[in-house]
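Have a look at the structure below before the remarks.
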Amino acid sequence: MGTGENEQGLRKIVDLSRWLSVGLLLLHFYYSCYAAFADYGLRSSLSDRMLQSIAKTGVFESTLKIKSLILVLLIISFLGAKGKKDQEYKLSAVISWIICGILLFFLSSFLLASDLNMATTASSYILACSTGFGLLVFTGARLSRLIFDNLKQDIFNEENETFPQEEVPHVNEYSINFAAQYRLKIKFVNPRYPSPIFSVDFW
């Protein structure tokens, strides 16, 4: 399988994981706040049968269990996060926001046990949990980029202070060639060719 096919396959897995996490979160909201949704008339015989099927799995019975599953799927979706380097984001700040997101995402479950009326409880819980989830999506992708950017071999990083040079001379009636050396992996590379290794062409 080629590199392009590998990346395409990874992208599909990442997208599927992200949409599954969102879908499970929405189902969790509907399952946990069903009384409030039903009070507003947002129910049907189809939704009732769906909730009965969901209840049989046992996954949605515990908020800790379903939220842990959502978090795992979200982490998988971060593995393929790509984009420009976020130079303005510091690792410590990103980690701090991730911790806030995790705390808000999980501790929001205590709102379900509050003495507020159904509508207030449901809206407060959905708002708090969604905010925590949004923080995780926003900062988790940036943390993934920071980690993978540091792992990647960058030809302009500290070890490779100069980029690889052309080692084969290009000779024509307009070219001027200069001998040169460059630094690669903390070592200076000298030309192995009898001819100059750096070419500057004037047209």
Quiz item: What is the residue count in segment 55-75 for residues that are free of Cβ contacts under 8 Å to residues at least 40 places away in the same chain and surrounded by fewer than 18 Cβ atoms within 10 Å (Cβ to Cβ)?
Solution: 10
Quiz item: Pick from segment 13-46 the residues that are β-branched (Val, Ile, Thr) and surrounded by fewer than 17 Cβ atoms within 10 Å (Cβ to Cβ): which of them is farthest from PHE60 (Cα to Cα)?
Solution: ILE13
Quiz prompt | Total residues in segment 110-135, condition touching a residue at least 40 places away in the same chain (Cβ under 8 Å) and crowded, with 17+ Cβ neighbours inside 10 Å | solution = 6
Self-check item: Search result, residues across segment 26-54 that are free of Cβ contacts under 8 Å to residues at least 40 places away in the same chain, assigned to a helix (DSSP H, G or I), among the aliphatic types (A, V, I, L, M) and under 25 Å from GLY134 (Cβ atoms)
Solution: LEU26, LEU27, ILE54
Quiz prompt | segment 22-35 - residue that is of a type in the set (A, V, I, L, M) and at pLDDT 90 or above and, of those, nearest to the chain's Cα centre (by Cα) | solution = VAL22
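The values are calculated or read from the model by the stated rules, or taken from the named source; none is laboratory data. Note that the coordinates shown come from a computational prediction; the quantities given were computed from them, not determined experimentally. Heads up, the Cβs are rebuilt from the backbone with ideal geometry, glycines too, and the neighbour counts pull from every protein chain shown.
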